[in-house]
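Just below is one structure, and these are the notes that go with it.
Every number in this text was worked out from the coordinates using simple rules, so none of it is lab data. Computed from a prediction, not measured in an experiment: that's the story for all the values here. Using ideal geometry, Cβ is built from the backbone for each residue, glycine included, and neighbour counts are taken over all protein chains shown.
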Amino acid sequence: MPHPYVLLSAAVSLDGYLDDTGPERLLLSGPADFDRVDEVRASVDAILVGAGTIRADNPRLLVNSPERRAARLASGRPEYPLKVTVSGSGDLDPAARFWHTGGEKVLYTSDKGAERARALGLAADVVALGPETDWRRLLEHLHDVRGVRRLMVEGGGRVHTQLLTQGLADELQLVLAPLFVGDADAPRLFGPGVYQGGRLRLVETRAVGDVVLMRYEPTAPGTGALPTAADHHWLALACELAARCPPSRTAFSVGAVVVAADGTELARGHSREGADPVVHAEEAALSKIGPADPRLAGATVYSSLEPCARRASRPVPCARLILDAGVRRVVTAWREPDTFVAGADGSAVLADGGATVVVLPEHEERAKAPSSHLTGR
């Protein structure tokens with residue numbers, strides 16, 4: 001199911017702490033970065049913090065700039081983003097500033113937590129997610145019911161850890177402050193967990209006053225049928241590659257990327273690439289990787305269109321090429337129609353060969369666009 005774009009935002013000391021152990025919150029950022037955060041808040045549909053952050057910091061989570069609030073209203077959006085928190089127990093102070101400032105609020109909790117929260121009279125929409133809180137269900141509800149397309153997550157460390165380790169964070173905006181905390185009892189940004197094995201992608205770095213902003217994107221593919229934020233990034237790239245295909249009246253325009261388990265891009269390709277008028281995208285990408293490359297066994301192939309099960313131009317279809325290469329996971333945006341091949345079902349060929357096929361239909365329209373003259377859309 002579609003999720004919002006999830007942006008994690010945090011500031012840490014040089015030794016990786018979110019705060020110290022003093023009675024007052026440690027201010028890691030300066031005026032220039034506070035204004036940048038205000039700008040980011042104004043750009044999103046919702047802001048989320050965990051229950052621990054409400055208890056520890058008692059935040060208001062507002063857009064402070066009157067000009068930015070006015071711009072939101074002028075664009076047809078609420079003056080303030082939706083404020084979101086999550087608590088398994090539902091045990092939160094009804095007098096906290098979170099509930100009494102800004103616009104609408106929603107609490108996601110467990111079934112038992114919902115009973116407690118309603119008994120406390122929290123000034124929020126209380127949504128029960130089942131026996132336990134579940135991040136995927138929470139994000140689906142925000143997207144489908146609340147219409148949230150961009151979600152800013154401002155903490156705390158436990159929330160950031162869970163979203164990253166479950167592959168649900170699209171972006172990390174990390175601010176590094178020029179000071180040390182040095183207290184082993186102080187809270188850190190990330191706790192222990194199973195993180196992606198490879199390197200994240202650095203998108204941007206810049207000075208903001210005396211702090212440094214670094215923006216990262218996760219790169220590691222998911223495992224099995226559950227998609228990760230990185231799966232969406234890589235499939236979006238495959239759709240971009242499809243737009244580079246020379247036009248054709250007899251074949252779809254398709255892009256493909258092969259990515260190792262640690263997030264390393266192994267190769268990319270697109271239909272009719274180079275001097276070959278009949279090469280398919282997956283075929284073009286796989287041809288650039290040595291057949292003995294051990295990373296293929298754990299790799300994922302991203303293809304804007306379902307890999308072909310049969311083809312007239314070559315003896316081996318792309319679904320079989322993928323299996324022969326040792327790849328056992330494929331992510332695609334749409335299933336091949338019967339335009340050129342009746343009963344095309346590359347997914348079945350892949351599944352019969354032991355591969356997992358993940359379809360992300362939210363990318364379908366973008367994937368179809370370069371072939372709109374063939375699909376009539």
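For this structure, a couple of remarks:
- Placing a pseudo-label 7 Å from each Cα along the Cα-to-Cβ vector at residue 194 and residue 111 gives an inter-label distance of 2.7 nm.
- Shape of the stretch 226-300, Cα gyration tensor, a/c cut at 1.5: oblate
- Cβ-Cβ FRET estimate between residue 341 and residue 372, R0 fixed at 22 Å, reported to 0.05: 0.70
- In a reduced charge model with +1 at each Lys and Arg Cβ and -1 at each Asp and Glu Cβ, the chain shows a dipole moment near 800 debye about its Cα centre.
- When the Cα positions of 374, 275, 344 are compared along the charge dipole of the stretch 229-375, 275 comes out farthest toward the positive end, with charges on each C-beta of Lys, Arg, Asp and Glu.
- Value of D in µm² per second that Stokes-Einstein yields for the stretch 43-109, Kirkwood Rh from Cα pairs, at 25 °C (0.890 mPa s): 196
- Modelled spin labels at residue 56 and residue 217, positioned 7 Å past Cα toward Cβ, are 3.0 nm from each other.
- Counting every other Cβ atom within 10 Å of each residue's Cβ, 338, 276, 170 order from fewest to most as 338, 276, 170.
- Neighbour-count order for 322, 47, 289, fewest beta carbons within 10 angstrom listed first: 289, 47, 322
- The relative contact order of the stretch 229-375, computed from alpha carbon pairs under 8 Å that lie at least 6 residues apart in sequence, is 22 percent.
- Leading residue at positive end of dipole, the chain (Cβ point charges), from 2, 48, 194: 2
- Full-extension gain in nm, residue 24 to residue 144, via 0.36 nm per residue minus C-alpha separation: 39.4 nm
- Taken as Cα centroids, the stretch 48-88 and the stretch 98-130 sit 15 Å apart, rounded to the nearest whole angstrom.
- Leading residue at positive end of dipole, the stretch 1-150 (Cβ point charges), from 78, 120, 141: 78
- The residues 17, 5, when put in order of fewest to most other Cβ atoms within 10 Å, stand as 5, 17.
- Mean silhouette area of the stretch 183-259, derived from the convex hull of its C-alpha atoms and averaged over all directions, reads 9.1 nm².
- Size of the chain from its Cα atoms: along the principal axes, largest to smallest, the extents are 71, 41, 40 Å.
- Degrees, to the nearest 10: 111-120 long Cα axis against longest axis of the chain: 30
- The overall shape of the stretch 229-375, judged from the alpha-carbon gyration tensor, is rounded, with an a/c ratio under 1.5.
- Nearest-ten-degree value, helix 31-43 long axis tilted from longest Cα axis of the chain: 60
- Ordering of 247-256, 205-214 by packing [mean C-beta count within 10 Å, highest first]: 247-256, 205-214
- Spin-label model, residue 119/residue 77: points 7 Å from Cα along the beta carbon direction are separated by 3.8 nm.
- A rounded overall shape is assigned to the stretch 5-217, the ratio a/c of its alpha-carbon gyration tensor axes (a ≥ b ≥ c) being less than 1.5.
- P(r) tail fraction, the stretch 1-84 - alpha-carbon pairs more than 17 Å apart, %: 56
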